[in-house]
Amino acid sequence: MTITDVGMASDMTTQEDPRAEVERLRREVARHDHLYYVLDRPEVPDSEYDRLFRRLRDLEAAHPDLADPTSPTHRVGGRPLAAFRAVTHARRMLSLDNTYDPGEVREFDARVRKLLGPGVAFGYFVDPKVDGVACSLRYERGALVLAATRGDGVAGDDITANVRTVRDVPLRLHGAAPEVFEVRGEVFLPRATFARINEQRLREGDEPFQNPRNACAGTLKLLDSRLVARRGLRFLPHGMGEVVGLEVPSYSALLERCRAFGFATNPHGRACRDIDEVLAYLAEFEQRRAGLPYEVDGAVIKVDDYALVERLGTTSHHPRGMIAYKYAAEQATTRLAGLEVGVGKTGTLTPVALLEPVRLAGTTVSRASLHNYDEVQRKDIRVGDLVVVEKAGEIIPYVVRSLPEQRTGQEAPITPPAACPSCGTPPARRDGEVAVFCPNRACPDVVRGLVRYFAGRRAMDIEGLGEKLVDQLVERGLVRSVADLYRLTEADLLGLERMGKRSAQNLLAGVAASKGRGLARLLNALSIPGLGETTARDLADRAGDLAALQGKDAPTLEAELKLGPVLAREVAAWLADPENQRSLEALRAVGVDMTQPRAAAPAGGAAKLAGKTFVITGTLPRRSRDEAQAAIEAAGGKVTGSVSRKTDYLVAGEKAGSKLTKAQELGVPVLDEDALDALLQG
Ligand code: IVH
């Protein structure tokens with residue numbers, strides 16, 4: 001026998017048939033997902049996980065007949081939907097009666113006792129009320145077949161594709177599964193994830209979300225589940241819908257079942273013997289909740305025994321056996337002393353309240369968002385008013401309402417300004433939009449915003465061109481459009497503050513290097529309405545060349561490049577605008593690359609971090625984690641999700657948790673953002 005023969009013979013004996021291998025891989029990947037996301041106790045290094053995942057993905061691609069929507073490969077999202085399908089709930093999704101008053105919690109207990117009659121012993125379960133979006137998950141014979149929003153309680157939207165990307169929702173129940181298992185719970189966004197998303201939105205000129213719940217709701221409404229997958233939603237169960245083939249006698253039994261099926265459950269839930277214990281726990285939990293990684297607006301008090309809950313029945317909207325106790329949001333009252341108008345890169349004029357400084361939830365607040373002029377009018381907020389401010393998501397303060405009863409008559413109504421504060425042009429309103437905007441394309445604030453964004457790290461990434469420098473260039477009239485950046489000369493720059501020959505040359509080199517960033521970054525950099533970083537990248541991949549977009553009307557863009565109708569219209573309108581066309585021609589003339597390279601070659605020449613594996617954790621001072629990842633990858637490095645012996649560096653920011661501990665245990669070098677920068681710069 002030759003050596004090759006031996007090899008072949010042994011291959012034949014160990015060869016697994018594709019179906020068996022796919023099934024085995026699905027089980028393994030799902031198990032590692034559970035270990036990592038639910039139990040926070042990974043067993044294999046990321047490289048091993050990646051290898052299993054890739055093998056599974058490749059096998060599924062080669063054997064479309066083995067497709068299964070519960071395969072863990074669906075976690076990354078699938079093709080965008082045109083719309084959500086409406087689905088009727090098997091059992092109605094009710095809402096909860098609520099109170100802010102501990103006295104009313106006692107009244108609730110008295111009511112329950114009276115309804116149940118004397119001699120019925122029962123306990124309560126107190127569960128944190130996580131501030132997110134209610135969702136019903138339906139499993140049939142163990143497979144997740146449907147995820148739906150509450151809607152009006154009778155019917156909701158089918159958001160299955162989006163919910164499949166939520167990492168702690170099992171796609172298959174673990175162990176023996178009943179015929180039907182419907183679990184209801186809260187989809188939510190942890191605070192840190194919310195902060196990261198908002199930072200990114202601000203940088204990209206998008207309006208930030210008001211709080212994690214809004215961000216969560218907005219995310220679940222996205223039709224493209226691949227975008228949802230990147231947002232980092234989580235799920236915690238808090239109730240039951242239709243269940244066939246399984247006895248669940250109580251809420252605490254439900255939670256136990258959920259854990260056995262592979263869900264995470266809230267560790268702060270507590271069984272209480274009577275209402276005194278309930279009230280004591282409510283007080284204890286109030287202290288604890290600020291330290292939780294997600295927002296909790298109260299607690300839900302539930303009669304634990306489901307037979308009794310059933311007996312208590314429901315009002316038209318609420319089950320009588322439960323009540324939500326809400327903690328009052330942190331608010332403060334102060335005077336709205338003045339007003340500032342911000343001008344965004346799209347020209348949008350945003351009112352910002354200048355407040356008499358006041359302490360609120362641990363910080364001093366002197367500015368607060370008023371969102372837009374319609375909202376100001378609706379809430380009748382005036383300059384000089386006493387106003388109530390609240391920390392939305394306990395992060396960004398905003399004005400909740402004014403106290404008109406305290407008025408002296410000296411207060412001034414707030415109306416959109418008659419002139420843009422930056423250039424004096426009378427503002428305009430776009431059809432169907434509430435925002436007022438400055439229509440002047442040469443408005444210094446608009447140009448500043450556009451150029452800052454164009455030069456930014458996520459766009460053309462022009463090294464050495466920070467915001468202060470952009471401001472100077474625009475102020476001195478050296479830059480009136482993004483194309484002007486490429487016409488700057490050393491002599492132009494030498495006239496600027498703190499600009500020596502050396503830095504001028506470096507900046508010019510940075511500007512020149514940015515010409516080769518490619519179409520994806522260019523499309524993002526141009527601030528085309530509706531076209532964010534991700535959609536820009538997808539569009540660039542499909543188009544290959546800017547020329548493939550130019551001169552096309554919306555229906556053609558929709559058909560040829562698979563844009564949604566709204567985005568197609570925005571892109572077509574932007575490209576048809578003569579001024580934008582001139583700007584693109586100018587960029588082309590100076591040699592900006594308008595094509596998309598096929599293979600992603602590491603930017604910046606030498607791959608400084610080739611072969612190095614990084615993990616990023618915590619909040620970095622300057623970059624979001626996505627940005628740090630992009631910078632590492634651009635330098636040829638790899639970023640993975642969990643720390644193992646194979647990790648070369650952990651990049652750790654503020655509030656780093658278990659990953660930092662693990663890195664320290666394993667002796668993995670830990671970098672802060674400055675150290676990362678040093679590494680990136682070689
Ligand atoms: S029990 C009949 N438990 O709060 C509804 N709800 O204000 C039973 N929520 O629609 C819900 N955490 O979306 C329950 N631990 C928890 C909860 C919770 C958050 C939400 C849920 C519900 C809303 C009612």
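The values are calculated or read from the model by the stated rules, or taken from the named source; none is laboratory data. For clarity, every value in this text was computed on a predicted model and none was experimentally measured. Here Cβ is always computed from backbone atoms with ideal geometry, including for glycine, and neighbour counts include all displayed protein chains. Side chains are part of the model used for accessible areas, which takes the heavy atoms of the whole protein and leaves out ligands, DNA and RNA. Shrake-Rupley method; radii C 1.70, N 1.55, O 1.52, S 1.80 Å.
What does the extension gain come out to for Arg407 and Val590, with contour length at 0.36 nm per residue minus their alpha carbon separation?
In short, 60.0 nm is gained.
Pairwise alpha-carbon distances in the stretch 3-147 exceed 18 Å for 76% of all pairs. Spin-label pair Ser316-Arg24: with each label point 7 Å from Cα along the Cα-Cβ axis, the two points sit 6.0 nm from one another. Averaging 1/r over every pair of different alpha carbons in the stretch 544-599 and inverting the result gives a Kirkwood radius of 12.0 Å.
Phi angles of the stretch 297-305 translate, via the Karplus equation with coefficients 6.51, -1.76, 1.60 and θ = phi - 60°, into HN-Hα couplings of 9, x, 9, 10, 9, 10, 4, 6, 6 Hz per residue; Gly and Pro are given as x. Measuring nothing but protein heavy atoms, the accessible surface of the stretch 541-682 at 1.4 Å probe radius is 52 percent carbon and sulfur. The separation of the stretch 428-474 from the stretch 239-314, counted between C-alpha centres, amounts to 49 Å.
Residues in the stretch 521-530 carry Karplus couplings, in order, of 5, 4, 4, 5, 5, 6, 6, 6, x, x Hz; the curve used is 6.51 cos²θ - 1.76 cosθ + 1.60 with θ = phi - 60°, and Gly or Pro positions show x.
Can you tell me the accessible area per residue over the stretch 430-527, all protein chains present, probe 1.4 angstrom, in square angstrom?
Dividing the accessible area of the stretch 430-527 by its residue count gives 47 Å².
Shown here for the stretch 451-555: GluC sites (Glu not before Pro) in loop regions (DSSP other than H, G, I, E, B) with at most 14 other Cβ atoms within 10 Å, namely Glu497.
The stretch 323-353 and the stretch 134-148 have Cα centres spaced 38 Å apart. Here each label is just a point 7 Å from Cα along the line to Cβ, and for Thr489 and Ala110 those points are 8.8 nm apart. Spatially, the stretch 476-550 and the stretch 168-199 are offset by 41 Å when compared through their Cα centroids. Relative to its Kirkwood radius, the Cα radius of gyration of the stretch 558-682 gives an Rg/Rh of 1.15. Between the residues Ser642, Thr70, His34, the greatest Cα displacement towards the positive end of the dipole of the chain, with unit charges on the Cβ of Lys, Arg, Asp and Glu, is found for Ser642. The Rg/Rh ratio of the chain, with both radii computed over alpha carbons and Rh defined as the Kirkwood radius, is 0.99. Per residue, the solvent-accessible area of the stretch 1-154 (1.4 Å probe, heavy atoms of protein chains only, all protein chains present) comes to 58 Å².
Rounded to the nearest 20 debye, what is the charge dipole size of the stretch 355-467 about its Cα centre when +1 sits on each Lys and Arg Cβ and -1 on each Asp and Glu Cβ?
Dipole magnitude for the stretch 355-467 comes out near 140 debye.
With contributions of -39500 (n - 2.57) from each DSSP H run of at least four residues, the per-residue ellipticity at 222 nm computed over the chain stands at -10500 deg cm²/dmol. Volume per residue for the stretch 372-526 equals 174 cubic angstrom (convex hull of Cα atoms). Atom-type composition of the exposed protein surface of the stretch 15-166 places 50 percent of the accessible area on carbon and sulfur (1.4 angstrom probe). Overall, the stretch 103-210 carries a charge dipole of about 340 debye about its Cα centre when +1 sits on the Cβ of Lys and Arg and -1 on the Cβ of Asp and Glu, all other atoms neutral.
Let me know the charge dipole size of the chain about its Cα centre in debye, to the nearest 20, where only the beta-carbon of Lys, Arg (+1) and Asp, Glu (-1) is charged.
560
Between Asp541 and Arg622, what is 0.36 nm times their sequence separation minus the Cα-Cα distance? Round to one decimal in nm.
26.3 nm
Among the cysteines of the chain, Cys135, Cys216, Cys258, Cys272 have no other cysteine beta carbon within less than 4.7 Å of their own.
Note on the stretch 405-480: Rg/Rh from C-alpha atoms, Kirkwood Rh, equals 1.16. Could you point to the residue in Gly132, Phe53, Leu493 farthest towards the positive end of the chain's charge dipole, with +1 and -1 charges on the Cβ of Lys/Arg and Asp/Glu respectively? Positive-end residue among those listed: Leu493. Pairs spanning more than 24 Å between alpha-carbon atoms, out of Lys468/Lys659; Lys612/Lys659; Lys638/Lys662; Lys221/Lys552; Lys468/Lys638: Lys468/Lys659; Lys221/Lys552; Lys468/Lys638. In the chain, a dipole from Cβ-located charges (positive for Lys and Arg, negative for Asp and Glu) runs towards its positive end, and of Leu567, Cys216, Val296 it is Leu567 whose Cα lies farthest in that direction.
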